[in-house]
Amino acid sequence: MDRWGRAVDCRDAALDPARVLRAVRDPHDDRVRCPRAAPVHDHVGFVAADAALNRRAAAAAVARSRGLRAPEADDLAAARKKLAAIEATTTDLRPVREQAAATAGERERLRERVARLRGEVQARREAGLDAEETTERFRAAARELSEAATAEAAATERLDRERGRVRDRYDVRERRLALEDEIGNLERAARASLADAVRPRIEQALDALGADPDDPPTHLWTLAAARVAVVAAPVVVTAGPFDASEAARWLDAPVVQL
Amino acid sequence: MLLVVTYSRAARTTLRNVCRAHEESVVRRFGRAALLAATGHGAFLACRLRERHPDAVQVERTAPFNEFTDAPDEVREAAVAYEREATKHTPYARFATGTDHPDPDRLRDRPLDA
């Protein structure tokens, strides 16, 4: 299909809105050739009765599209910079724990073997049998046990040492988590400030649409928000009181109507 | 019991969900940490958390603390005496000076028996 212009009416073509929307937002998709979609398009670029929408986040995006800057922006930038500067090294001690457990298991296995062979040697001697071969096996096992005990001690010591080291690394991670929380709070506050800044304009637009500003249906709220936003890529409209060219004029943005 | 402490937002969220879904194995919850029951299921949950967030989950095995067997007598007695006898703003170091109670450095350097 080959249609062009600022207001494109495709109501006759039974297109899938989700596919059209993807084509609009994907700069590499040539099926819809249009200016690149800005972040605000993710929020107000699709006007439909059943579109999922977080109104506060959308209003904040509308404010950003108009060049507004949140009062929290400087603090946010500073916190993000601090976070980027924190280097967290690994705290995963799994291989060390596994090694300590394996060497302990091996030592235990050999300890039992040595005890059994010692018993055998003794029993053979008491029975007046030749114990030389058993004694040799006993000695070999005892040597292995001694090596295993050394390995276990080394692995345990290493685990203790690494645990001590990891405690400091957890401090770093704790600082990072605190910063991440701070950033999350600032982002929330920034969204609220930005949303508050454009709310009167959105309510005014809702009023012009004849909608109840306290409880407008989703598609009218999106239309109102899209009018307040600065949108370059086409708004995909599947609901509302306008035809394509009316919508394009009202939104001051290109429109694809489905 | 198993003390699980998380060190990232994702791990904290997983812990919260796990605690919500398995109340029977959660002894106590604190913000980004929780005490899990010393059962196979408590260990199962701790292992799952570690597997999903190997770098952001610390697990410690805890045991109840009996001050009459787990703390040396002089340590316990010093604590009791300090709480009972010291005036409000006396630091422990000053309280211990000239008494038989251990000084703070000795307390810090002395490991507890396992």
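Starting from residues that are within 14 Å of chain A (Cβ to nearest Cβ) and part of a helix (DSSP H, G or I), keep the ones in segment B:26-47 and report whichever is surrounded by the fewest Cβ atoms within 10 Å (Cβ to Cβ). It comes out as B:C47. Within segment B:48-76, take every residue that is more than 30 Å from B:L107 (Cα to Cα) and surrounded by fewer than 15 Cβ atoms within 10 Å (Cβ to Cβ) and give me the one that is nearest to the other protein chains (Cβ to nearest Cβ). Restricting to residues being more than 30 Å from B:L107 (Cα to Cα) and surrounded by fewer than 15 Cβ atoms within 10 Å (Cβ to Cβ), the top hit is B:P54.
Listed by first and then second residue, the pairs linking a residue in segment B:88-114 that is within 17 Å of B:E77 (Cβ to Cβ) to a residue that is among the hydroxyl-bearing types (S, T, Y), with Cβ atoms under 7 Å apart and 6 or more places separating them unless they lie on different chains, are B:Y92/B:Y82; B:F95/B:Y82; B:P104/B:Y92.
Within segment A:118-146, residues that are in the same structural domain as A:A104 (by TED's automatic domain parsing) have Cβ atoms under 6 Å from residues that are among the acidic types (D, E) and surrounded by 13 or more Cβ atoms within 10 Å (Cβ to Cβ) in these pairs: A:T134/A:E120, counting only partners at least 6 apart in sequence or on another chain. Any residue that is surrounded by fewer than 20 Cβ atoms within 10 Å (Cβ to Cβ), within 21 Å of A:E246 (Cα to Cα) and either among the hydrophobic types (A, V, I, L, M, F, W, C) or under 25 Å from the mean Cα position of the chain (by Cα) (or both) - is there at least one of those in segment A:14-25? Yes, that holds for at least one residue. The residues listed here are A:E147, A:E87, A:E136; of these, the one that is of a type in the set (D, E), closer than 30 Å to A:R188 by Cβ and loosely packed, with under 14 Cβ neighbours inside 10 Å is A:E87. Which residue pairs have Cβ atoms closer than 6 Å, lie 6 or more positions apart in sequence or on different chains, and pair a first residue in segment A:89-114 that is closer than 19 Å to B:R50 by Cβ and of a type outside the set (D, E) with a second residue that is modelled with pLDDT under 95 and not in a helix (DSSP H, G or I)? Hits for this filter: A:T90/B:D55; A:T91/B:D55. For segment B:10-22, the tally of residues that are of a type in the set (D, E, K, R) and under 9 Å from B:R32 (Cα atoms) stands at 2. Only one entry in A:E203, A:E162, A:E157 is away from every other protein chain (no Cβ under 14 Å) and within 30 Å of A:E98 (Cβ to Cβ), namely A:E157.
Evaluate the following for B:R9: is it of a type outside the set (V, I, T), closer than 21 Å to A:E182 by Cα and either surrounded by fewer than 18 Cβ atoms within 10 Å (Cβ to Cβ) or within 12 Å of chain A (Cβ to nearest Cβ) (or both)?
Numbers: of a type outside the set (V, I, T): yes; closer than 21 Å to A:E182 by Cα: yes; either surrounded by fewer than 18 Cβ atoms within 10 Å (Cβ to Cβ) or within 12 Å of chain A (Cβ to nearest Cβ) (or both): yes.
So B:R9 fits the description; yes.
Scanning segment A:185-229 for residues that are surrounded by 15 or more Cβ atoms within 10 Å (Cβ to Cβ), without any contact (Cβ under 8 Å) to a residue 40 or more places away in the chain and of a type in the set (A, V, I, L, M) gives A:A205, A:L206, A:L209, A:A211, A:L220, A:A224.
The values are calculated or read from the model by the stated rules, or taken from the named source; none is laboratory data. For clarity, every value in this text was computed on a predicted model and none was experimentally measured. So basically every Cβ, Gly included, is an ideal-geometry build from the backbone, and we count neighbours across all protein chains shown.
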